[in-house]
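The values are calculated or read from the model by the stated rules, or taken from the named source; none is laboratory data. Keep in mind that this is a model prediction, so the values were computed, not measured. A quick note on method: Cβ atoms are made from the backbone with ideal geometry, for glycine too, and the neighbour counts reach across all protein chains shown. We work out accessible area using only protein heavy atoms, side chains counted, and drop any ligands, DNA or RNA first. Shrake-Rupley method; radii C 1.70, N 1.55, O 1.52, S 1.80 Å.
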Amino acid sequence: MNKPLRRVAIFCGLLIFALLLRDNWLQFVRADELNSHAKNTRVRIERYANERGNIIVDGKPITGSVDSQDPYYKYKRTYTDGPMWAPVTGYASQAYDANQIEKIEDGILTGNDDRLFFDRTLAMFTGDKKKGGDVVTTLSGAAQKAAYKGLGNNTGAVVAIEPSTGKILALASTPSYDPTSFAGYSGKDEKAWVALEKDKNKPKQNRAIREIYPPGSVFKVVTAAAALESGKVTDIDAATETPEGWKIPLSTKPMKNHSGGCANASLNEALRISCNSVFAKLGDDVGRDKMVEMAEKFGFNAEQFTPVRSSASVYDKQADRGGNALSSIGQFNTATTPLQMAMVTAAIANDGKLMKPYMVDKLVAPNLDVIKQNDPEEMSQPVSPENAQKLQQMMENVVSKGTGAKADLNMDGVKVGGKTGTAQHGEKNAKRPYAWFISYAKTAQGSPVAVAVIVEDAEGTNREDISGGGLAAPIAKAVMKAVIKSRG
């Protein structure tokens, strides 16, 4: 072979090698990336070529699929009581992808999950249509309805947990949205999506798990737990030796109380009337590092997965003494999700044991075989059983004799413990305060439910009338009552 032909042959060989290299790179290395790429319309078309499986509550689907009359996307997602369930389900849209459970469990719902290979193969032989599996949740329809109805036109969120298992019973956020309104690919769906994106009230924001708020006085139960666990307090009815004008460390500013009787108040009485001075001093006595340790045992400073990701609640690890004292009463940089405060309450109600929160009970194949069963899992033991029972005594005192009276169920054999909170925020606390309430109900068989409620903005309510006991406690009461009644 002469020299020019040899060069051409080598060049052609290199081209073939480069082509093979590129082809293998695309097929094996980048295959998953390209399959899930947002601009790969074939993936979206295939996703909606068959009816999706459903998300199940109380044995009934809260989702569905209808023929969309579209030449490319055959089926469109529908939702029953969409605004009420949107914080749980998320959305599945032909145009705008999916989020939350609809996204996380997309493989099961579409039938494309590797665990459904046998079902897909069998359908090929039988001629049956491909079907998606179902996602069975831990949610209670009665609790969710009570939470959503209780929030009404207010801006806020509710989370209810079964303390003994960690099962999420309610997850509500308002204002909300209807995922059905943009589930398709039409101009009408686009208009609905754009309107939601521009809405200043952020209806698509899941306030129950993604928004972090200053907790205000509801955080005092964490400080009380730290004081008991560290041994700074052993007798909850003993005087705490806290002067009325106790000054914030590194400052000449005295701590302000909003009720009388806080001088030397016991831990029990201080929680009942919500004394800032007592809990700020206790936070200082315990010290920043121990306060951080206790907060983190309850779940602070870490994201939670239910399986939907929840934003990390915050307790400042670098605060000075003054900042730590303020953090101990839910001010300074302390911030929390409603889910986190429900976890704190659930742990106290469960005699100090914190169970990992979750809202997917099991994944079910189209033939009703269980693909995956989620079981309760212990997360931590922030408080000893003895100290948890002391905290319960204190929280029950808040409801029976204090600011949480509106949460009392007045049911035979049922005790309710709670804590109110009114969290100031904004520059110089100029914005409308947040109304908090955390609570649990307890029967002879244990605690079936723990609840956290925040009312971020109450429609038609004057600033001076905003309080956790007045606005949030009745919502918590309705949710607890719904859970107890639903269980007979």
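Every listed requirement among (1) within 16 Å of V221 (Cβ to Cβ); (2) in a loop (DSSP other than H, G, I, E, B) is met by P366 save one, (1). Could you check segment 364-394 and list, in sequence order, the residues that are in contact with an Asp or Glu (Cβ under 7 Å, 6 or more places away or on another chain), over 18 Å from S447 (Cα atoms) and open to solvent by less than 70 Å² (accessible area, probe 1.4 Å)? Hits for segment 364-394 are V364, A365, P366, N374. One residue stands out among those in segment 116-133 that are exposed (fewer than 15 other Cβ atoms within 10 Å of the Cβ) and of a type outside the set (A, V, I, L, M): the one that is modelled with the highest pLDDT, which is K129.
Do any helices (runs of 4 or more DSSP H) lying entirely in segment 136-243 carry at least 1 residues that are at pLDDT 95 or above, β-branched (V, I, T) and within 30 Å of A270 (Cβ to Cβ), and which ones are they?
Values: elements: 141-151, 187-198, 220-230.
Hits in segment 136-243: 220-230.
Just checking, does segment 344-354 include any residue being more than 19 Å from the chain's Cα centre (by Cα), modelled with pLDDT of 95 or more and acidic (D, E)? Yes, because at least one residue in segment 344-354 is more than 19 Å from the chain's Cα centre (by Cα), modelled with pLDDT of 95 or more and acidic (D, E).
G446 meets each of the listed conditions (1) open to solvent by 10 Å² or more (accessible area, probe 1.4 Å); (2) modelled with pLDDT under 95; (3) over 22 Å from K167 (Cα atoms) apart from (3).
No other residue among M359, M355, M411 is open to solvent by 50 Å² or more (accessible area, probe 1.4 Å), farther than 18 Å from A270 by Cα and in contact (Cβ under 8 Å) with a residue 60 or more places away in the chain apart from M411.
The residue that is most open to solvent (accessible area, probe 1.4 Å), counting only those in segment 240-268 that are touching a Pro at 6+ places or on another chain (Cβ under 9 Å) and among the hydrophobic types (A, V, I, L, M, F, W, C), is A263.
Checking each residue in segment 244-278 for being of a type in the set (D, E, K, R), assigned to a loop (DSSP other than H, G, I, E, B) and free of Cβ contacts under 8 Å to residues at least 12 places away in the same chain picks out only K253.
So if I check each of G156, G166, G187, which one is open to solvent by 30 Å² or more (accessible area, probe 1.4 Å) and among the small types (G, A, S)? Before you say what the answer is, go through the steps one by one.
On the way: G156 fails: open to solvent by 30 Å² or more (accessible area, probe 1.4 Å); G166 fails: open to solvent by 30 Å² or more (accessible area, probe 1.4 Å).
Answer to the selection: G187.
For segment 194-228, a residue qualifies if it is buried (at least 24 other Cβ atoms within 10 Å of the Cβ) and either more than 19 Å from K419 (Cβ to Cβ) or basic (K, R) (or both), and the qualifying residues are N206, R207, I209, K220.
When you check K297 against the structure, is it open to solvent by 10 Å² or more (accessible area, probe 1.4 Å), of a type in the set (D, E, K, R) and over 30 Å from Q373 (Cβ atoms), yes or no?
Working: open to solvent by 10 Å² or more (accessible area, probe 1.4 Å): yes; of a type in the set (D, E, K, R): yes; over 30 Å from Q373 (Cβ atoms): no.
So K297 does not fit the description; no.
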